[in-house]
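A quick write-up on the structure given underneath.
The values are calculated or read from the model by the stated rules, or taken from the named source; none is laboratory data. Quick caveat, the model's predicted, so the values are computed rather than measured. In this analysis, Cβ positions are derived from the backbone assuming ideal geometry, glycine residues included, and neighbour counts consider all displayed protein chains. Keep in mind that these areas ignore ligands, DNA and RNA; they rest on the heavy atoms of the full protein, side chains included. Shrake-Rupley method; radii C 1.70, N 1.55, O 1.52, S 1.80 Å.
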Amino acid sequence: MTDRMCSLKELYKIGRGPSSSHTIGPEKACLYMKERYPAADRFAVTLFGSLAYTAEGHDTTAIVRETLAPIATDIIRDTDAVDLPHPNTMELTAYTDGEALGTARVYSVGGGQIEIEGETLEENRDVYPLHSFAKIADYCEAHGLRLWQYAEQMEGGELFDYLHTVWETMKACVVEGLRQEGTLPGRLQVQRKAKHLYSQNHIDETRETRENRLVCAYAFAVSEQNAAGGRIVTAPTCGASGVLPAVLYYEQQKHGFSDHEICRALATAGIIGNLVKTNASISGAECGCQAEIGTACSMAAAALGELFSMQLGQIEYAAEIALEHHLGLTCDPIYGLVQIPCIERNAVAAMRAINAVSLANFLTNSRKISFDLVVQTMYETGRDLSHRYRETSEGGLAKLYE
(Lines give C-alpha, C1' and ligand atoms only; values in the text may rest on other atoms or scores of the structure.)
Protein backbone atom coordinates (compact mmCIF):
# COMPACT_ATOMS: atom_id res chain seq x y z
CA MET A 1 0.00 0.00 0.00
CA THR A 2 1.28 3.45 -0.90
CA ASP A 3 0.09 7.03 -1.00
CA ARG A 4 1.17 7.41 -4.64
CA MET A 5 -0.37 6.21 -7.90
CA CYS A 6 2.46 6.10 -10.40
CA SER A 7 2.63 6.03 -14.18
CA LEU A 8 1.36 2.99 -16.05
CA LYS A 9 4.92 2.74 -17.36
CA GLU A 10 5.84 1.58 -13.86
CA LEU A 11 3.08 -1.04 -13.88
CA TYR A 12 3.90 -2.46 -17.31
CA LYS A 13 7.62 -3.13 -17.18
CA ILE A 14 9.46 -4.96 -19.92
CA GLY A 15 12.11 -7.21 -18.47
CA ARG A 16 13.42 -10.65 -17.71
CA GLY A 17 11.56 -13.31 -15.77
CA PRO A 18 10.86 -15.23 -13.72
CA SER A 19 9.86 -12.83 -10.90
CA SER A 20 9.45 -9.09 -11.03
CA SER A 21 9.96 -8.71 -7.28
CA HIS A 22 12.88 -11.13 -7.19
CA THR A 23 14.73 -10.40 -10.45
CA ILE A 24 13.67 -7.07 -11.98
CA GLY A 25 13.52 -5.25 -8.63
CA PRO A 26 16.86 -6.52 -7.29
CA GLU A 27 18.46 -5.83 -10.67
CA LYS A 28 17.37 -2.19 -10.41
CA ALA A 29 18.73 -1.99 -6.86
CA CYS A 30 22.10 -3.34 -8.00
CA LEU A 31 22.27 -0.93 -10.92
CA TYR A 32 21.50 1.92 -8.52
CA MET A 33 24.44 0.90 -6.29
CA LYS A 34 26.88 0.53 -9.19
CA GLU A 35 25.98 3.98 -10.46
CA ARG A 36 26.13 5.60 -7.04
CA TYR A 37 29.43 3.99 -6.01
CA PRO A 38 31.56 3.61 -9.15
CA ALA A 39 34.74 3.25 -7.07
CA ALA A 40 33.49 0.15 -5.26
CA ASP A 41 35.69 -2.94 -5.44
CA ARG A 42 33.33 -5.18 -3.47
CA PHE A 43 29.63 -5.36 -2.65
CA ALA A 44 27.80 -7.13 0.14
CA VAL A 45 24.12 -7.90 -0.42
CA THR A 46 21.84 -9.25 2.29
CA LEU A 47 18.50 -10.71 1.25
CA PHE A 48 15.66 -10.82 3.77
CA GLY A 49 12.21 -12.38 3.89
CA SER A 50 10.82 -13.82 0.67
CA LEU A 51 13.93 -12.73 -1.25
CA ALA A 52 15.99 -14.95 1.03
CA TYR A 53 13.63 -17.91 1.06
CA THR A 54 13.30 -18.16 -2.74
CA ALA A 55 16.65 -16.69 -3.78
CA GLU A 56 17.72 -19.68 -5.86
CA GLY A 57 14.41 -20.72 -7.42
CA HIS A 58 13.50 -17.14 -8.33
CA ASP A 59 17.03 -16.45 -9.68
CA THR A 60 17.66 -13.58 -7.26
CA THR A 61 21.23 -14.59 -6.43
CA ALA A 62 21.98 -15.08 -10.11
CA ILE A 63 20.67 -11.67 -11.15
CA VAL A 64 22.50 -9.94 -8.27
CA ARG A 65 25.84 -11.48 -9.20
CA GLU A 66 25.30 -10.89 -12.91
CA THR A 67 24.31 -7.24 -12.46
CA LEU A 68 27.15 -6.37 -10.06
CA ALA A 69 29.79 -8.24 -12.08
CA PRO A 70 32.71 -8.01 -12.50
CA ILE A 71 32.86 -6.59 -8.99
CA ALA A 72 33.14 -9.25 -6.27
CA THR A 73 29.88 -9.69 -4.37
CA ASP A 74 29.06 -11.46 -1.11
CA ILE A 75 25.43 -12.57 -0.82
CA ILE A 76 23.87 -13.37 2.54
CA ARG A 77 20.42 -14.93 2.96
CA ASP A 78 18.79 -13.91 6.24
CA THR A 79 15.56 -15.84 6.90
CA ASP A 80 15.49 -15.03 10.62
CA ALA A 81 14.79 -11.29 10.51
CA VAL A 82 11.33 -10.26 11.70
CA ASP A 83 9.25 -7.08 11.56
CA LEU A 84 10.57 -6.17 8.13
CA PRO A 85 9.10 -3.02 6.53
CA HIS A 86 8.38 -5.20 3.47
CA PRO A 87 8.86 -8.97 3.01
CA ASN A 88 11.03 -8.26 -0.05
CA THR A 89 13.80 -6.33 1.71
CA MET A 90 17.47 -6.20 0.76
CA GLU A 91 20.51 -4.26 1.99
CA LEU A 92 23.38 -3.42 -0.30
CA THR A 93 26.73 -2.09 0.90
CA ALA A 94 29.56 -0.85 -1.30
CA TYR A 95 33.19 -1.19 -0.20
CA THR A 96 36.57 0.00 -1.40
CA ASP A 97 39.79 -1.26 0.16
CA GLY A 98 37.75 -2.82 2.96
CA GLU A 99 36.00 0.42 3.99
CA ALA A 100 32.27 0.91 3.56
CA LEU A 101 31.31 3.65 1.09
CA GLY A 102 27.60 3.49 1.77
CA THR A 103 24.57 1.27 2.35
CA ALA A 104 21.11 1.25 0.80
CA ARG A 105 18.08 -0.50 2.24
CA VAL A 106 15.79 -1.40 -0.65
CA TYR A 107 12.24 -2.74 -0.78
CA SER A 108 11.11 -4.62 -3.89
CA VAL A 109 7.44 -3.77 -3.58
CA GLY A 110 6.02 -5.68 -6.53
CA GLY A 111 5.95 -5.55 -10.31
CA GLY A 112 9.65 -4.70 -10.46
CA GLN A 113 9.24 -1.40 -8.62
CA ILE A 114 11.64 -0.58 -5.80
CA GLU A 115 11.65 1.90 -2.96
CA ILE A 116 14.87 3.04 -1.30
CA GLU A 117 14.71 3.96 2.36
CA GLY A 118 15.24 7.68 2.83
CA GLU A 119 14.92 8.54 -0.88
CA THR A 120 12.14 9.32 -3.34
CA LEU A 121 12.84 8.03 -6.82
CA GLU A 122 11.52 9.98 -9.79
CA GLU A 123 9.75 6.89 -11.12
CA ASN A 124 7.72 6.67 -7.90
CA ARG A 125 6.15 10.12 -8.18
CA ASP A 126 2.38 10.51 -7.91
CA VAL A 127 0.89 10.81 -11.42
CA TYR A 128 -2.78 10.09 -10.72
CA PRO A 129 -4.39 12.44 -8.17
CA LEU A 130 -7.44 10.23 -7.59
CA HIS A 131 -6.74 7.02 -5.72
CA SER A 132 -10.05 5.14 -5.71
CA PHE A 133 -12.22 3.68 -8.44
CA ALA A 134 -15.23 5.56 -7.08
CA LYS A 135 -13.52 8.94 -7.42
CA ILE A 136 -12.10 8.12 -10.85
CA ALA A 137 -15.52 6.93 -12.02
CA ASP A 138 -17.17 10.14 -10.79
CA TYR A 139 -14.54 12.19 -12.62
CA CYS A 140 -14.93 10.21 -15.83
CA GLU A 141 -18.70 10.48 -15.78
CA ALA A 142 -18.55 14.21 -15.09
CA HIS A 143 -16.20 14.77 -18.02
CA GLY A 144 -17.54 12.15 -20.43
CA LEU A 145 -14.37 10.05 -20.35
CA ARG A 146 -13.63 6.37 -20.61
CA LEU A 147 -10.90 4.97 -18.37
CA TRP A 148 -8.31 4.94 -21.15
CA GLN A 149 -9.05 8.60 -21.86
CA TYR A 150 -8.53 9.39 -18.18
CA ALA A 151 -5.14 7.69 -18.34
CA GLU A 152 -4.26 9.67 -21.47
CA GLN A 153 -5.33 12.92 -19.80
CA MET A 154 -3.15 12.22 -16.77
CA GLU A 155 -0.06 11.00 -18.66
CA GLY A 156 -0.26 12.53 -22.12
CA GLY A 157 -0.47 10.95 -25.55
CA GLU A 158 3.07 9.58 -25.35
CA LEU A 159 1.73 6.95 -22.95
CA PHE A 160 0.25 5.16 -25.94
CA ASP A 161 3.60 5.03 -27.70
CA TYR A 162 4.83 3.05 -24.73
CA LEU A 163 1.71 0.88 -24.63
CA HIS A 164 2.22 -0.02 -28.28
CA THR A 165 5.71 -1.25 -27.35
CA VAL A 166 4.18 -3.19 -24.46
CA TRP A 167 1.66 -4.83 -26.77
CA GLU A 168 4.28 -5.73 -29.38
CA THR A 169 6.36 -7.33 -26.62
CA MET A 170 3.36 -9.27 -25.32
CA LYS A 171 2.50 -10.58 -28.79
CA ALA A 172 6.08 -11.59 -29.47
CA CYS A 173 6.15 -13.47 -26.18
CA VAL A 174 2.99 -15.41 -27.06
CA VAL A 175 4.33 -16.31 -30.50
CA GLU A 176 7.74 -17.36 -29.22
CA GLY A 177 6.25 -19.35 -26.37
CA LEU A 178 4.04 -21.30 -28.79
CA ARG A 179 7.13 -22.35 -30.75
CA GLN A 180 9.13 -23.69 -27.84
CA GLU A 181 9.34 -27.30 -26.68
CA GLY A 182 11.36 -29.16 -24.09
CA THR A 183 11.87 -28.78 -20.35
CA LEU A 184 11.88 -25.62 -18.27
CA PRO A 185 15.00 -24.94 -16.18
CA GLY A 186 15.04 -26.12 -12.58
CA ARG A 187 14.79 -29.33 -10.61
CA LEU A 188 11.06 -29.82 -11.25
CA GLN A 189 11.77 -30.72 -14.89
CA VAL A 190 8.43 -29.27 -16.03
CA GLN A 191 7.63 -29.93 -19.68
CA ARG A 192 6.50 -27.00 -21.81
CA LYS A 193 2.84 -27.45 -22.79
CA ALA A 194 1.88 -24.33 -24.79
CA LYS A 195 2.75 -25.74 -28.22
CA HIS A 196 0.94 -29.00 -27.47
CA LEU A 197 -2.19 -27.16 -26.33
CA TYR A 198 -2.15 -24.91 -29.36
CA SER A 199 -1.82 -27.75 -31.86
CA GLN A 200 -4.61 -29.96 -30.47
CA ASN A 201 -7.18 -28.96 -33.10
CA HIS A 202 -9.85 -31.65 -33.42
CA ILE A 203 -12.45 -31.56 -36.19
CA ASP A 204 -15.35 -32.04 -33.76
CA GLU A 205 -14.11 -29.44 -31.26
CA THR A 206 -16.87 -27.17 -29.95
CA ARG A 207 -16.54 -23.40 -30.03
CA GLU A 208 -16.35 -23.27 -26.24
CA THR A 209 -13.67 -25.94 -26.07
CA ARG A 210 -11.63 -24.21 -28.75
CA GLU A 211 -11.79 -20.91 -26.85
CA ASN A 212 -10.64 -22.55 -23.62
CA ARG A 213 -7.83 -24.39 -25.37
CA LEU A 214 -6.48 -21.36 -27.21
CA VAL A 215 -6.72 -18.98 -24.27
CA CYS A 216 -4.91 -21.52 -22.10
CA ALA A 217 -2.27 -22.08 -24.79
CA TYR A 218 -1.53 -18.36 -24.97
CA ALA A 219 -1.34 -18.07 -21.16
CA PHE A 220 0.97 -21.09 -20.98
CA ALA A 221 3.14 -19.64 -23.77
CA VAL A 222 3.85 -16.41 -21.87
CA SER A 223 4.14 -18.06 -18.46
CA GLU A 224 6.59 -20.65 -19.76
CA GLN A 225 8.68 -17.93 -21.35
CA ASN A 226 8.70 -16.15 -18.01
CA ALA A 227 9.69 -19.33 -16.16
CA ALA A 228 12.59 -19.74 -18.59
CA GLY A 229 13.86 -16.22 -17.88
CA GLY A 230 12.53 -14.81 -21.14
CA ARG A 231 11.55 -11.25 -22.01
CA ILE A 232 8.06 -10.49 -20.74
CA VAL A 233 5.85 -7.63 -19.57
CA THR A 234 4.81 -7.36 -15.94
CA ALA A 235 1.02 -7.35 -15.93
CA PRO A 236 1.12 -6.60 -13.09
CA THR A 237 3.98 -8.99 -12.20
CA CYS A 238 6.16 -11.59 -13.91
CA GLY A 239 4.43 -14.49 -12.18
CA ALA A 240 1.04 -13.28 -13.45
CA SER A 241 2.29 -12.05 -16.83
CA GLY A 242 0.37 -14.59 -18.91
CA VAL A 243 -3.20 -13.60 -18.05
CA LEU A 244 -3.66 -10.25 -19.76
CA PRO A 245 -1.80 -11.02 -23.03
CA ALA A 246 -3.62 -14.36 -23.33
CA VAL A 247 -7.05 -12.72 -23.19
CA LEU A 248 -6.12 -9.80 -25.44
CA TYR A 249 -4.29 -11.94 -28.01
CA TYR A 250 -7.24 -14.34 -28.24
CA GLU A 251 -9.77 -11.54 -28.63
CA GLN A 252 -7.68 -9.80 -31.28
CA GLN A 253 -7.38 -13.04 -33.25
CA LYS A 254 -11.10 -13.75 -32.88
CA HIS A 255 -12.61 -10.30 -33.44
CA GLY A 256 -9.90 -8.43 -35.35
CA PHE A 257 -9.44 -5.60 -32.84
CA SER A 258 -6.77 -3.16 -33.96
CA ASP A 259 -3.55 -2.67 -32.03
CA HIS A 260 -4.76 0.80 -31.12
CA GLU A 261 -7.94 -0.63 -29.60
CA ILE A 262 -5.85 -3.16 -27.69
CA CYS A 263 -3.69 -0.35 -26.31
CA ARG A 264 -6.80 1.43 -25.06
CA ALA A 265 -7.73 -1.78 -23.30
CA LEU A 266 -4.23 -1.94 -21.80
CA ALA A 267 -4.67 1.57 -20.43
CA THR A 268 -8.01 0.60 -18.89
CA ALA A 269 -6.46 -2.50 -17.36
CA GLY A 270 -3.58 -0.37 -16.12
CA ILE A 271 -5.90 1.87 -14.10
CA ILE A 272 -7.30 -1.23 -12.39
CA GLY A 273 -3.84 -2.63 -11.68
CA ASN A 274 -2.61 0.70 -10.42
CA LEU A 275 -5.52 1.00 -8.00
CA VAL A 276 -4.69 -2.40 -6.51
CA LYS A 277 -1.01 -1.50 -6.32
CA THR A 278 -1.79 1.81 -4.59
CA ASN A 279 -4.48 0.68 -2.16
CA ALA A 280 -3.35 -2.88 -1.48
CA SER A 281 -0.47 -4.81 -3.05
CA ILE A 282 0.54 -6.71 -6.18
CA SER A 283 3.30 -8.55 -4.30
CA GLY A 284 2.88 -12.27 -3.65
CA ALA A 285 5.35 -11.94 -0.80
CA GLU A 286 3.11 -9.38 0.86
CA CYS A 287 -0.41 -10.65 0.11
CA GLY A 288 -0.17 -14.06 -1.52
CA CYS A 289 -1.02 -15.04 -5.08
CA GLN A 290 -4.37 -13.24 -4.88
CA ALA A 291 -2.34 -10.04 -5.21
CA GLU A 292 -0.69 -11.23 -8.42
CA ILE A 293 -3.05 -13.58 -10.27
CA GLY A 294 -6.15 -11.97 -8.78
CA THR A 295 -5.05 -8.54 -9.94
CA ALA A 296 -4.05 -9.85 -13.36
CA CYS A 297 -7.47 -11.46 -13.77
CA SER A 298 -9.14 -8.21 -12.73
CA MET A 299 -7.04 -6.24 -15.21
CA ALA A 300 -7.89 -8.68 -18.01
CA ALA A 301 -11.60 -8.46 -17.25
CA ALA A 302 -11.49 -4.65 -17.34
CA ALA A 303 -9.52 -4.71 -20.59
CA LEU A 304 -12.06 -7.02 -22.20
CA GLY A 305 -14.87 -4.80 -20.96
CA GLU A 306 -13.22 -1.87 -22.74
CA LEU A 307 -12.85 -3.84 -25.96
CA PHE A 308 -16.57 -4.64 -25.84
CA SER A 309 -17.44 -0.97 -25.13
CA MET A 310 -19.09 -1.83 -21.83
CA GLN A 311 -20.29 0.91 -19.53
CA LEU A 312 -18.08 2.06 -16.67
CA GLY A 313 -20.23 0.30 -14.08
CA GLN A 314 -20.02 -2.95 -16.03
CA ILE A 315 -16.24 -2.69 -16.28
CA GLU A 316 -16.05 -2.11 -12.54
CA TYR A 317 -18.25 -5.12 -11.87
CA ALA A 318 -16.20 -7.37 -14.14
CA ALA A 319 -12.99 -6.29 -12.43
CA GLU A 320 -14.57 -6.78 -9.00
CA ILE A 321 -15.83 -10.29 -9.78
CA ALA A 322 -12.42 -11.29 -11.11
CA LEU A 323 -10.61 -10.18 -7.96
CA GLU A 324 -13.23 -11.26 -5.44
CA HIS A 325 -13.08 -14.88 -6.49
CA HIS A 326 -9.33 -15.06 -6.05
CA LEU A 327 -9.51 -13.88 -2.43
CA GLY A 328 -7.34 -16.00 -0.16
CA LEU A 329 -5.26 -17.53 -2.95
CA THR A 330 -1.88 -18.47 -1.50
CA CYS A 331 1.58 -18.21 -3.03
CA ASP A 332 3.33 -21.56 -2.55
CA PRO A 333 5.76 -22.12 -5.45
CA ILE A 334 7.36 -25.56 -5.35
CA TYR A 335 11.15 -25.33 -4.93
CA GLY A 336 10.75 -21.55 -5.22
CA LEU A 337 10.30 -21.89 -8.98
CA VAL A 338 7.72 -19.81 -10.83
CA GLN A 339 6.28 -22.96 -12.41
CA ILE A 340 3.96 -25.02 -10.20
CA PRO A 341 1.29 -23.85 -9.50
CA CYS A 342 2.02 -20.52 -11.19
CA ILE A 343 1.78 -21.44 -14.88
CA GLU A 344 -1.58 -23.21 -14.68
CA ARG A 345 -2.97 -20.38 -12.55
CA ASN A 346 -2.34 -17.95 -15.40
CA ALA A 347 -4.45 -20.09 -17.72
CA VAL A 348 -7.27 -20.54 -15.22
CA ALA A 349 -7.33 -16.80 -14.46
CA ALA A 350 -7.45 -15.91 -18.16
CA MET A 351 -10.57 -18.03 -18.63
CA ARG A 352 -12.06 -16.64 -15.43
CA ALA A 353 -11.59 -13.08 -16.72
CA ILE A 354 -13.69 -13.88 -19.78
CA ASN A 355 -16.37 -15.44 -17.59
CA ALA A 356 -16.36 -12.42 -15.26
CA VAL A 357 -17.11 -10.11 -18.18
CA SER A 358 -20.02 -12.29 -19.30
CA LEU A 359 -21.47 -12.33 -15.80
CA ALA A 360 -21.04 -8.57 -15.38
CA ASN A 361 -22.83 -8.00 -18.66
CA PHE A 362 -25.92 -9.75 -17.30
CA LEU A 363 -25.97 -8.74 -13.65
CA THR A 364 -24.41 -5.29 -13.25
CA ASN A 365 -27.54 -3.62 -11.89
CA SER A 366 -27.84 -6.12 -9.05
CA ARG A 367 -24.30 -5.91 -7.69
CA LYS A 368 -23.57 -5.13 -4.04
CA ILE A 369 -19.75 -5.08 -3.82
CA SER A 370 -17.64 -2.22 -5.17
CA PHE A 371 -14.21 -2.65 -6.68
CA ASP A 372 -12.69 -0.45 -3.96
CA LEU A 373 -14.19 -2.68 -1.25
CA VAL A 374 -12.84 -5.89 -2.74
CA VAL A 375 -9.38 -4.32 -3.07
CA GLN A 376 -9.43 -3.41 0.63
CA THR A 377 -10.63 -6.92 1.45
CA MET A 378 -7.85 -8.49 -0.57
CA TYR A 379 -5.24 -6.44 1.27
CA GLU A 380 -6.57 -7.35 4.70
CA THR A 381 -6.88 -11.00 3.69
CA GLY A 382 -3.32 -11.02 2.42
CA ARG A 383 -1.92 -9.44 5.55
CA ASP A 384 -3.72 -12.09 7.63
CA LEU A 385 -2.19 -14.97 5.66
CA SER A 386 0.56 -16.91 7.40
CA HIS A 387 3.98 -16.00 6.02
CA ARG A 388 4.28 -19.63 4.91
CA TYR A 389 1.73 -18.88 2.20
CA ARG A 390 3.30 -15.65 1.01
CA GLU A 391 6.05 -16.68 -1.42
CA THR A 392 8.36 -18.40 1.03
CA SER A 393 7.85 -21.95 -0.29
CA GLU A 394 7.29 -23.10 3.31
CA GLY A 395 3.61 -24.08 3.04
CA GLY A 396 0.99 -25.58 0.77
CA LEU A 397 2.15 -27.39 -2.35
CA ALA A 398 5.75 -26.32 -1.73
CA LYS A 399 5.74 -28.07 1.64
CA LEU A 400 3.83 -31.23 0.68
CA TYR A 401 5.29 -31.94 -2.73
CA GLU A 402 7.79 -34.80 -2.76
Notebook entry, point to check: Would you say L130 is buried (at least 19 other Cβ atoms within 10 Å of the Cβ), in contact with a helix residue (DSSP H, G or I) (Cβ under 6 Å, 6 or more places away or on another chain) and either touching a residue at least 12 places away in the same chain (Cβ under 8 Å) or closer than 18 Å to M5 by Cα (or both)?
Noted result: no
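Considering only residues of segment 24-51 that are in a loop (DSSP other than H, G, I, E, B) and either of a type outside the set (S, T, Y) or touching a helix residue (DSSP H, G or I) at 6+ places or on another chain (Cβ under 6 Å) (or both), which is most open to solvent (accessible area, probe 1.4 Å)?
Looking only at segment 24-51, we keep the residues that are in a loop (DSSP other than H, G, I, E, B), and these are 37-41.
From what is left, the residues that are either of a type outside the set (S, T, Y) or touching a helix residue (DSSP H, G or I) at 6+ places or on another chain (Cβ under 6 Å) (or both) are 38-41.
Details: P38: 108, A39: 68, A40: 10, D41: 73 Å².
By that ranking, first place goes to P38.
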Next item on the list: Determine whether V233 is touching a strand residue (DSSP E or B) at 6+ places or on another chain (Cβ under 6 Å) and buried (at least 24 other Cβ atoms within 10 Å of the Cβ).
Entry: yes
Check: Do we find that E344 is part of a helix (DSSP H, G or I), open to solvent by 10 Å² or more (accessible area, probe 1.4 Å) and more than 14 Å from P236 (Cβ to Cβ) in this structure?
Finding: yes
Next item on the list: Go over the candidates A134, A172, A151 one by one and state the one that is over 28 Å from E320 (Cβ atoms), small (G, A, S) and at pLDDT 95 or above.
Entry: A172
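Residue by residue, here is whether (1) farther than 29 Å from A235 by Cα; (2) free of Cβ contacts under 8 Å to residues at least 24 places away in the same chain holds:
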| residue | (1), (2) |
| --- | --- |
| D83 | no, yes |
| Y95 | yes, no |
| Y107 | no, yes |
| G118 | no, yes |
| D126 | no, no |
Checklist line | Hey, D80 surrounded by fewer than 16 Cβ atoms within 10 Å (Cβ to Cβ), of a type in the set (D, E) and closer than 23 Å to R383 by Cβ or not | finding: yes
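I'm trying to understand the selection: among the residues of segment 368-384, which are under 18 Å from C297 (Cβ atoms) and either buried (at least 16 other Cβ atoms within 10 Å of the Cβ) or of a type in the set (D, E) (or both)?
First, the residues of segment 368-384 that are under 18 Å from C297 (Cβ atoms): 369-379, 381-382.
Of everything in segment 368-384, those that are under 18 Å from C297 (Cβ atoms) and either buried (at least 16 other Cβ atoms within 10 Å of the Cβ) or of a type in the set (D, E) (or both) turn out to be S370, F371, D372, V374, V375, T377, M378, Y379, T381, G382.
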Next item on the list: Restrict the check to segment 246-268 and report whether at least one residue is in contact (Cβ under 8 Å) with a residue 24 or more places away in the chain, surrounded by 24 or more Cβ atoms within 10 Å (Cβ to Cβ), closer than 20 Å to I24 by Cβ and not β-branched (V, I, T).
Entry: yes
Note to self: Looking for something under 22 Å from V215 (Cα atoms) and under 23 Å from the mean Cα position of the chain (by Cα) - is there at least one such residue anywhere in segment 140-163?
What the structure shows: yes
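Taking the residues in segment 188-209 that are charged (D, E, K, R), open to solvent by 70 Å² or more (accessible area, probe 1.4 Å) and at pLDDT 95 or above as candidates, determine which candidate is nearest to E56 (Cα to Cα).
From segment 188-209, those charged (D, E, K, R) are 192-193, 195, 204-205, 207-208; that's our starting set.
So of that shortlist, the ones also open to solvent by 70 Å² or more (accessible area, probe 1.4 Å) come out as 193, 195, 204, 207-208.
After this cut, where a residue has to be at pLDDT 95 or above as well, the list is 193, 195.
On the way: K193: 24, K195: 28 Å.
The qualifying residue nearest to E56 (Cα to Cα) is K193.
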Check: Has segment 230-244 got any residue that is under 20 Å from Q113 (Cβ atoms), modelled with pLDDT under 95 and out of contact with any Asp or Glu (no Cβ under 6 Å at 6 or more places or on another chain)?
Finding: yes
Note to self: So in segment 1-23, with the set limited to residues that are at pLDDT below 95 and not in a loop (DSSP other than H, G, I, E, B), which one is surrounded by the most Cβ atoms within 10 Å (Cβ to Cβ)?
What the structure shows: S21
